[in-house]
1. Report the local net charge at LYS19: Lys and Arg +1, Asp and Glu -1, summed over other residues whose C-beta lies under 13 Å from its C-beta.
2. Need one number: the % of Cα-Cα pairs in segment 112-177 sitting beyond the 18 Å mark.
3. Below 15 angstrom from the Cβ of PHE104, what's the summed charge of the other residues (Lys, Arg +1; Asp, Glu -1)?
4. Could you tell me what percent of the DSSP beta bridges with both partners in the chain are antiparallel, to the nearest 5?
5. Can you run the Rg to Rh ratio on segment 29-94? Use alpha carbon positions and the Kirkwood inverse-distance Rh.
6. Given the pairs LYS19/LYS157; LYS20/LYS112; LYS38/LYS102; LYS20/LYS157; LYS20/LYS102; LYS20/LYS80, which are separated by over 28 angstrom at their Cα positions?
7. Averaged across orientations, what area in nm² does the convex hull of the alpha carbons in the chain project?
8. Kindly provide the GluC sites (Glu not before Pro) of segment 89-177 that DSSP labels as loop, not H, G, I, E or B, and whose Cβ sees at most 12 other Cβ atoms within 10 Å.
Amino acid sequence: MKAFTRGVHHLALCTDDMKKTTDFYVEVLGMPLVHAMKVPPGLGTGPANRGNPPYEEIRHYFFDMGNDSLLAFFEIPKGKEPQSNRNAVGGMQHCAFVVTPKRFAEIEQRLKSRRIEYIGPIPQLPGLLGIYFYDPNGIRLEFCCQPRDGDDQQILKCVRQTEAELQRELQTLEKKS
């Protein structure tokens, strides 16, 4: 079966400090800022809101995370919302970005040179290495690569299981009920 979607257009996260967030994603992670705006008046509260955070004229910035996908941040006014729990149901546990082995080494060096604590590189799935760290908002991030794939990272090839392997795990869902 072929996936219905082409991939991620954008992932929208929240910050209460857009400057710190912008500096981190551009300078540390190397994601260019490609669009910066304030949400137009009237879209934050009331019937015109279409799912945006419920605040008027907040910043909404978009960063190029590669492969024609964007990472977006809404700037929530300081103190208006609690910090999220990454392990809560409905929360985002972490966001993993795939990079080439060269970029993987570069991100590790960038984290070291800026004294940003990280875990890794650690083996994940067979042939997959990961580095975990937190952004200034407390969002857990991972940079991962499959060294043997070089510049042509094959994500699905690394994780795809046989039909029998999938079925064995899926059968455990029925036992939970």
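The values are calculated or read from the model by the stated rules, or taken from the named source; none is laboratory data. What you are looking at is a predicted structure, and each value in this text was computed from that prediction instead of being measured. Ideal geometry is used to build each Cβ from the backbone, glycine not excepted, and the neighbour counts take in all protein chains shown. Accessible surface is based on the protein model in full, side chains and every heavy atom, while ligands, DNA and RNA are left aside. Shrake-Rupley method; radii C 1.70, N 1.55, O 1.52, S 1.80 Å.
1. Working: positive: LYS20, ARG59, LYS78; negative: ASP16, ASP17, ASP23, GLU27, GLU75.
Neighbour charge sum, excluding LYS19 itself: -2.
2. Numbers: 1227 of 2145 pairs.
Tail of the P(r) past 18 Å holds 57 percent of the pairs.
3. Details: positive: LYS102, ARG103, ARG110, LYS112, ARG148; negative: GLU106, GLU108, GLU142, ASP149, ASP151, ASP152.
Cβ neighbours under 15 Å give a net charge of -1.
4. On the way: 21 of 31 bridges.
About 70 percent, rounded to the nearest 5.
5. Details: Rg = 13.8 Å, Rh = 13.7 Å.
My calculation of the ratio gives 1.01.
6. LYS19/LYS157; LYS38/LYS102; LYS20/LYS157
7. Details: hull surface 53.5 nm².
Computed as one quarter of the Cα hull surface, the answer is 13.4 nm².
8. Numbers: sites: GLU106, GLU108, GLU117, GLU142, GLU163, GLU165, GLU169, GLU174; in loops: GLU117.
Passing both the DSSP loop test and the Cβ count: GLU117.
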